[in-house]
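A short write-up of the structure that comes next.
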Amino acid sequence: MTIYRSPLLLLMAIVLALVPHSAGQAADWRHIPIPSLPAFHPQEPKRFELPNGMVIFLQEDHELPIIDGIARVRGGSRSEPANKVGLVDIYGEVWRTGGTKKQTGDQLDDYLEIRAAKVETNGGIDSTTINWSCLKGDFDDVFKAFNDVLREPEFRADKLDLAQKEMFDSISRRNDEVGQIAQRESTKLAYGADNPYARQPEYATVAAVTRQDLVDWHHSHVHPNNIILGIVGDFDSAAMEAKLRQAFGDWPKGPPVQEPKIEFHPAQPGYYLVPKEDVNQTSIRMTDLGIRRDNPDYYAAQVFNEAFGGGFSSRLFKSIRTAQGLAYGVGAGIGSAFDHPGIERVSMSTKSATTVESIQALYKEIDGLQTNPISDDEIKRAKDAILNSFVFNFDSPEKVLRERMAYEFYGYPPDFLERYRAGIEKVGREDVARTATKYLHKDKLAVLVIGNTADFDKPLSSLGAVTQLDISIPPPPSEIPSKPSASNPQAEPK
């Protein structure tokens, strides 16, 4: 009897044993039959809407005795005033740490900790969220705490002061990591420096945020008709619906959130330099505006992204890394977002001495799409990679619930998830070639370069005019409040 000491050898032996072949003929892995992917029918959550406009999704999952929930509230940092950038991030923290009218945040911490539960809040670009997680047996207690934070937060000034100081510290360190600089500055190039999707908190804008700002934001946004609530876990949907109708049914409607009209002003094509003498690698980001997910070219763009710059088998990876050895990692894609254009990016890092060579190599690959379009074999590999990994993105009821809530939030069809696989399968060679030609143009890209110019193989100016970016951090205002104003720092013990 053969003993396989390696799991890999054992697996190979099993595969070979399953492949029919005649005596004396070696098995060929390329002849192994690959079954078709099974139908994708995720467990759909139950949706209902209260008379006050709150939309609720219930997703039963009885695997564990746990109940999780999240409320997504319309309105985020893209709506905050330009002179108070950072307000929503601060709000998202102090909403929870500031506690409620009956409990301080610290008291609420203790209350939840003994139940192994959590209630958390966060600020975002287009919404804010409040979520909870608890054992099934503690649901009533934890849900009450969640509802108190949702509807009766206190925003205590000592926690606002702490949140501002934490943000000051974050601002002071934002140029420490090259990756953070590259992400921030490339987003500014793609959208425009003053665009709400690209703005950055500064000492002055953070210091300008007051407790009254947090109170006003809450009162103008947190209304049932602006909320989508999702709950997943070990419960009976009928009983849960009855509880929620009782908890939220008498909550009156408020004014709907007015989302801002946002214009996008990408930087002019060209070269944008951030000199950084303490690094031995150059980060390169080529950017332009991408597309929305409701664009008819979305599925073709997904296949193109995977084939051209999405993974180890992509064209860029094989050429830039494997053949030319210019980078450890390289990627590209036509970015997409739900309700605004994503960012088209071509990115890589290389050693300082191959900076200009690498930019030219990327240009050559982009030009090559016209003379050597993505082939049928490349498209097949890309589609297989997308479809074979797709199901793992939605392999739990909670993931399906979150996706379904996103479609509700952005006004997408309820079956958008089910459409995805069919949309990818229909993409052909002509679709990919047309999409590449339509969206990716070398002469429209703003090229961000971050590195030590003294070690470049050639001056960046040998490629064209260079604009040097100023990433210095504006100093804090002369007077930043050091003590919080009074706002009921204590609460009645509970």
Might you let me know whether the stretch 388-401 holds any residue that is more than 30 Å from K188 (Cβ to Cβ), within 22 Å of the chain's Cα centre (by Cα) and hydroxyl-bearing (S, T, Y)?
yes
Counting only residues that are touching a strand residue (DSSP E or B) at 6+ places or on another chain (Cβ under 6 Å), hydrophobic (A, V, I, L, M, F, W, C) and surrounded by fewer than 19 Cβ atoms within 10 Å (Cβ to Cβ), how many does the stretch 145-178 have?
1
Can you tell me which residues in the stretch 100-127 are within 19 Å of F139 (Cα to Cα) and small (G, A, S)?
A116, A117
Among the residues of the stretch 134-182, write down those that are part of a strand (DSSP E or B) and in contact with a helix residue (DSSP H, G or I) (Cβ under 8 Å, 6 or more places away or on another chain).
C134, P153
With respect to K188, is the statement that it is part of a helix (DSSP H, G or I), within 24 Å of I343 (Cβ to Cβ) and not hydrophobic (A, V, I, L, M, F, W, C) true?
yes
Number of positions in the stretch 294-342 that are assigned to a helix (DSSP H, G or I), among the charged types (D, E, K, R) and touching a residue at least 40 places away in the same chain (Cβ under 8 Å)
2
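Can you name every residue in the stretch 224-240 that is among the small types (G, A, S) and part of a helix (DSSP H, G or I)? Please lay out each step first, then the result.
Filtering the stretch 224-240 for residues among the small types (G, A, S) gives 230, 233, 237-239.
S237, A238, A239 - these are the residues of the stretch 224-240 that are among the small types (G, A, S) and part of a helix (DSSP H, G or I).
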Those residues of the stretch 51-95 which are assigned to a strand (DSSP E or B), among the aliphatic types (A, V, I, L, M) and over 21 Å from D395 (Cα atoms), in sequence order
V55, I56, A71, V73
For the stretch 241-271, how many residues meet the condition of being outside any loop (DSSP other than H, G, I, E, B) and over 28 Å from S79 (Cβ atoms)?
7
R199 farther than 21 Å from K444 by Cβ and surrounded by fewer than 19 Cβ atoms within 10 Å (Cβ to Cβ)
no
Determine if the stretch 202-213 includes at least one residue that is surrounded by fewer than 19 Cβ atoms within 10 Å (Cβ to Cβ), hydroxyl-bearing (S, T, Y), over 26 Å from the mean Cα position of the chain (by Cα) and outside any loop (DSSP other than H, G, I, E, B).
no
Which of the following residues is within 30 Å of E185 (Cβ to Cβ), surrounded by 20 or more Cβ atoms within 10 Å (Cβ to Cβ) and out of contact with any Leu (no Cβ under 7 Å at 6 or more places or on another chain): G309, G368, G329, G333?
G333
For V449, are the conditions met, namely being assigned by TED's automatic domain parsing to the domain that holds L289, touching a residue at least 40 places away in the same chain (Cβ under 8 Å), crowded, with 19+ Cβ neighbours inside 10 Å and not hydroxyl-bearing (S, T, Y)?
yes
So I374 fits all but one of (1) surrounded by fewer than 19 Cβ atoms within 10 Å (Cβ to Cβ); (2) part of a loop (DSSP other than H, G, I, E, B); what number is the exception?
(1)
From the residues in the stretch 402-451 that are farther than 28 Å from R285 by Cβ and among the acidic types (D, E), which one is nearest to the chain's Cα centre (by Cα)?
E403
Considering each of I66, I70, I56, I90 in turn, give the residue that is in contact with a strand residue (DSSP E or B) (Cβ under 7 Å, 6 or more places away or on another chain) and closer than 30 Å to A198 by Cβ.
I70
Taking D110, is it closer than 21 Å to E398 by Cα, acidic (D, E) and over 23 Å from the mean Cα position of the chain (by Cα)?
no
Out of D28, D68, I need the residue that is in contact (Cβ under 8 Å) with a residue 24 or more places away in the chain and not polar (S, T, N, Q). Which one?
D68
If we ask which residues in the stretch 388-431 are closer than 22 Å to L37 by Cα and part of a loop (DSSP other than H, G, I, E, B), their number turns out to be 5
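The values are calculated or read from the model by the stated rules, or taken from the named source; none is laboratory data. Model, not experiment: these values are computed from the prediction. With ideal geometry, Cβ positions are generated from the backbone for all residues, glycine too; neighbour counts draw on all protein chains shown.
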